[in-house]
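Here the structure is laid out as structure tokens; the discussion comes afterwards.
The values are calculated or read from the model by the stated rules, or taken from the named source; none is laboratory data. For clarity, every value in this text was computed on a predicted model and none was experimentally measured. Cβ placement follows ideal geometry from the backbone for every residue including glycine, while neighbour counts extend to all protein chains displayed. Accessible surface is based on the protein model in full, side chains and every heavy atom, while ligands, DNA and RNA are left aside. Shrake-Rupley method; radii C 1.70, N 1.55, O 1.52, S 1.80 Å.
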Amino acid sequence: MHTVWKGSISFGLVNIPVKMFTATEDKDIRFKYIHKECHTPVKYKKTCPACNKDVKPEDIVRGYEYEPGKFVILTEEDFESIEVKSEKSVEILDFVKLEEIDPIYFDKTYFLGPQETGGKAYTLLREALNGKKRIAVAKITIRDRESLAVIRVYNNVLVLETIFYPDEVRDSKQVPGVPENLQTTEAELDMAAQLIDNLTTAFDPDKYHDNYRERLLEKINAKVEGKDFVVKKETDKENIVSLMEALKQSIQMSKDNKDNTEAVDGTGKKTAARGRKKAEAMDQPKENTDLSGTQEGSEDAGEEKPKKKPRKTKETVKS
């Protein structure tokens, strides 16, 4: 693992020499733009549309557009004159509870490992954070940019996560069309809560996969090997009649899945109970329903709407 930063964590009179490593990696598949005629990667030149000529790197400066078409030019001397805390130190400012910080603030994650002489102090901070169930709010300068960060414990390792400043998070009130006065019935809320309970489980990150990236890699590998790539056709989904009916069906499905999971014995073979449940479910006629919810102002929120003729195309589920 490549070291991206060396420095120390300081709080009070305690100084912990640490190394920093990037904790995550971007696995997006990157493509190059290729000339269709000769398959040569396309190059991009910097040009000035006003002068109609190519611009060399030494002729480019940085400008801030304070009004449309009006710029303030900043030189290298301007940037150098701005005082930046250059020492290699993570300065802890406060200790807070993790649940007090909304995930929207979190940005980039780094692992922190002790340097040769920092093992004892590193362990002390880690155990203290674990014991008090706290995280540290700190400031760090990375590549001449001061960032706000938090330090917490993850799998027995100290982790530093840069976080956004409050003014970098947009006001959620700017989101258009958010319903505020729509009413839901108690029955709908009870069934939604029951569905959440049935689907609640311990978080296991290994069960989630980037299916799009996996399929894209399969397609790329197939083309490299000169093989045909067959995409499995998805079956049409049924239309749904009402929000209540959708909740009922979802709860039943989640119950069946939970029962099926609990019915697996120590050898990994499923018991006959699951087979009977599946057979009984297959014998039941399926209803065509439309998840359109209840109309605003309706007195009977659970009233079933007239069934629509099934369509071949997939329907968009409305909540």
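Some points to look at:
- You can think of it this way: the chain between R62 and T184 has 38.6 nm of extra reach, that is 0.36 nm per residue less the Cα-Cα gap.
- Remark: spin-label model distance N155-H209 equals 2.0 nm, labels positioned 7 Å along the Cα→Cβ axis.
- Amide H contacts of S89 (H built 1.01 Å from N, in plane; Pro and chain starts excluded): S8, T141 sit under 5 Å, all sequence-distant by 5 or more or on other chains.
- Surface calculation, 1.4 Å probe, protein heavy atoms: S172 sits at approximately 90 Å² accessible.
- Couplings for the range 180-192, taken from phi via the Karplus curve 6.51 cos²θ - 1.76 cosθ + 1.60 with θ = phi - 60°, read 10, 10, 6, 9, 10, 7, 5, 5, 5, 5, 4, 6, 5 Hz in order; Gly and Pro are left as x.
- F21 contributes about 40 Å² of solvent-accessible surface, heavy atoms of the protein only, 1.4 Å probe.
- Extension gain, E76 back to K108 (0.36 nm per residue minus Cα-Cα distance, nm): 8.8 nm
- Positive-pole candidate from T184, N221, H209, dipole of the range 166-224, charges at beta carbon: N221
- For the range 144-217, the carbon plus sulfur part of the accessible surface works out to 52%, probe radius 1.4 Å.
- For the range 203-211, the Karplus equation 6.51 cos²θ - 1.76 cosθ + 1.60, evaluated at θ = phi - 60°, returns couplings of 6, 10, x, 5, 7, 9, 9, 7, 5 Hz by residue, with Gly and Pro reported as x.
- For D59, solvent-accessible area (1.4 Å; no DNA, RNA or ligand), Å²: 100
- Pairwise FRET efficiency - R170 versus L13, Cβ, R0 = 41 Å, nearest 0.05: 0.55
- Candidates S147, I101, A128 compared by Cα position along the dipole of the range 100-158: farthest toward the positive end lies A128, with charges placed on Cβ.
- Residue-count net charge about V18 - beta-carbon cut-off 10 Å; Lys, Arg +1, Asp, Glu -1: +3
- Accessible surface computed residue by residue for the range 22-174, with neighbouring protein chains in place and a 1.4 Å probe, gives 81 Å² per residue.
- For A193 and K97, the FRET efficiency from 1/(1 + (r/R0)^6), where r spans their Cβ atoms and R0 equals 22 Å, is about 0.25.
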